[in-house]
Structures are given as structure tokens and as C-alpha cells.
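Data first, discussion second: the structure below is written as C-alpha cells.
The values are calculated or read from the model by the stated rules, or taken from the named source; none is laboratory data. If you're wondering where the values come from, they're calculated on a predicted model, not measured in any experiment. All Cβ positions, even for glycine, are placed from backbone atoms using ideal geometry, and neighbour counts span all protein chains on display. Just the protein is used for accessible areas: all its heavy atoms, side chains included, with ligands, DNA and RNA removed. Shrake-Rupley method; radii C 1.70, N 1.55, O 1.52, S 1.80 Å.
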Amino acid sequence: MIDIKSIAEKCLRDEAQAVLGVIDQLDENFERAVELILACAGKVVVTGVGKSGHIANKVAATLSSTGTPAFFMNPLDAFHGDLGMVADGDVIILISYSGQTDELLRLLPYFQHRGLPVISITGNKDSLLAKNSQAHIWVSVEREACPLNLAPTSSTTATLALGDALACALIEVRNFKANDFAQFHPGGSLGRRLLTTARDVMHKENLPVIPPTMLLGDAIIHISDGKLGLCIIKENDEVKGIITDGDIRRAMQNIRESFFETEVQAVMTKQPKCVSPDMKIVAIQKMMNLHKIHAVLVIDEQKKLLGIVDSFSCEV
């Protein structure tokens, strides 16, 4: 009986090993490719045939969404008018594992005549594509994950990963930020999370505020009623600290018999984490994770309390 799970495991291991193998193949050509793209005054045109064409399409999409304008051009359509999309200042990326794909070789003279820089991604250093490129990125695999060693599997996965590596390098070199990413992804939850600020999600009505002299026994009731797992301690309209349900539990363990006679100020956090109303929630989430807290106070420039952002508020 065929062990289906074992077949899947072997395929995944083979493809993972193929991706790792690309690391040792990286050389100055990869850096040259990044430099050519950075110097591009137009767009990056990515093309390939068959399975390589699907990979090229994804590479173009990833580049476009991370600050490098790019588009996929079907080489078959290119011969019937789509070459009109190619402009001066563009950079060309040709993807072919063999490096000998006829449709791409037929396009090369046109790109060379236009003086457009060509980057090739192939598994054959001695191919015509490799020899006629300003930068050739070598992506070779020992064998395909396909049991017949025929269907493009490991080779396309490795090429796809190499395309992601190009995009990641460009992100770093361009100093592309999360806010930039959000501008290209305005739809859905991703765009909302990257653009949403503390002001948009903070709790600002009926905030659980108590004085520092309140007894812990009474504070428990206010924390429960506030439904945020904490209370803000204020005196003379100035924030003195916060007390959380975690602080309450620790106080119960530590001071035991005197718990109900102890004032809030004895166990409160005196320097709570505060943010401005314009801070993005993605940054607030990082702060919460770093300090292992579940809420921050929102204050203005005069340190006036405006609201509370908790971990649930950030899940927009």
C-alpha cells in the first residue's frame, strides 16, 4: 500500500533542501541585479514561459507590493503587441530554468537593441540567457521533487524563493516601511491594521478611574465593572499609575491578611506605558509584546489622559 504521507514529507524535504541549496549559489550577480533594479528609472518587466511564467508573475507582484514597480509580461503576447508596454528606463528579468527557452531568446535582441538591462534567473550558467545578461542569478537544483524528476517542482520553488530574496533585499536597501506597505495594500484587514492609530480604537468613554487611596478590596469591584482588566489611578486630574487584575492577584499572594486594608498606591504600577493618539496599532502591539502587557494609556502632549488601548482593540 502506498504511504501517501511519506510521499508528501519527501516532497517537502526535497523542496526545502533545494531552497537551502540556493544560498551557496549566491554571488556578486545577485548584488548586481539589486543595483540594476535600484537604478531603474522605469518599471521592472518580468517574464517567463509555462511554470516559470507563473513564478515570474508572482515575482512581479511581490516586487510591486514592496516598493519596486513591476509587471508580468507574457512572452507569447509580447510578440503580438505587448512589447509596447516596455519603455526606456525599464529593467528586464527573464526566468527560465534551462536558460534556453526559445520565446525568451527571441526577445533578447529587442531588449539589447533598446539598451535595456537584462537580469536572467536560470539553472544553467552556460546558457544563452546567462551569457547575454548584465546579471545572471544561478538557481540550480540537484533533482526535482517530482518522483519522475520531470515536473518543475524543486526548481520552481527555489526560483520563487530567490524572487522573494530579491524583494527582501530591495525592501531593506530602499528603507521600505510598514506604512509604505500599507499604501499598496489599502484593502482588507492588512491595510486597516497598518494605517489604524490609537485614536481610532482607544476606549474613551466611562474609563475606570480610581484615586490612589482606594482600598484594594474596593478596587477589585471597579476593575471588574470596567471590563478592561485594569483601573487608572488619578489624583488632581494627573495620572499616577495603573493597577491591573494581575497586580491584584499578586497582592493577594504577597500581603494576604492585610490585603483589604491596603491602598491601591502601594501596589500600583507607577510609570505605566503611554502612547500618543497618533501611534499606529502595529507599533503598539510590538510595545505590548516587548513589555508583556495587555494595555497602554493614550495621552496628549500635555499628558492628559485620552483613553486606553488594549490588546483586543488592536485586533481590527
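Observations, loosely collected:
- Of all residues in region 152-173, those that are more than 13 Å from Thr122 (Cα to Cα) and open to solvent by less than 40 Å² (accessible area, probe 1.4 Å) have Cβ atoms under 8 Å from Cβ atoms of residues that are hydroxyl-bearing (Ser, Thr, Tyr) and part of a helix (DSSP H, G or I), 6 or more apart or on another chain, in Ala167/Thr62.
- One residue stands out in region 125-175 among those that are among the charged types (D, E, K, R) and in a loop (DSSP other than H, G, I, E, B): the one that is nearest to Leu20 (Cα to Cα), namely Glu142.
- Count of residues meeting criterion [closer than 14 Å to Val296 by Cα and open to solvent by 50 Å² or more (accessible area, probe 1.4 Å)] in region 244-277: 6
- Complete set of residues in region 205-222 that are of a type in the set (A, V, I, L, M, F, W, C), outside any loop (DSSP other than H, G, I, E, B) and under 16 Å from Phe259 (Cα atoms): Leu215, Leu216, Ala219, Ile220, Ile221
- Among the candidates Gly89, Gly42, Gly67, Gly84, residue that is assigned to a helix (DSSP H, G or I) and of a type in the set (Gly, Ala, Ser): Gly84
- Just one of (1) assigned to a loop (DSSP other than H, G, I, E, B); (2) under 28 Å from Glu315 (Cβ atoms); (3) at pLDDT 75 or above fails for Pro186. It is (3).
- Residue list for region 56-66, restricted to those being open to solvent by less than 20 Å² (accessible area, probe 1.4 Å) and touching a Leu at 6+ places or on another chain (Cβ under 8 Å): Val59, Leu63, Thr66
- The residues of region 14-48 that are more than 12 Å from Thr157 (Cβ to Cβ) and open to solvent by 50 Å² or more (accessible area, probe 1.4 Å), listed by number, are Ile23, Asp24, Leu26, Asp27, Glu28, Glu31, Arg32, Glu35, Leu38, Ala39, Ala41, Lys43.
- Inspection of region 211-231 finds a residue satisfying the criterion of being under 29 Å from Glu315 (Cα atoms), open to solvent by 70 Å² or more (accessible area, probe 1.4 Å) and touching a Pro at 6+ places or on another chain (Cβ under 6 Å).
- Counted residues, region 91-107 - those being open to solvent by 10 Å² or more (accessible area, probe 1.4 Å) and farther than 19 Å from Ala18 by Cβ: 6
- Any hit, region 198-208, residues being over 16 Å from Gly307 (Cβ atoms) and either open to solvent by 80 Å² or more (accessible area, probe 1.4 Å) or in contact with a helix residue (DSSP H, G or I) (Cβ under 6 Å, 6 or more places away or on another chain) (or both): no
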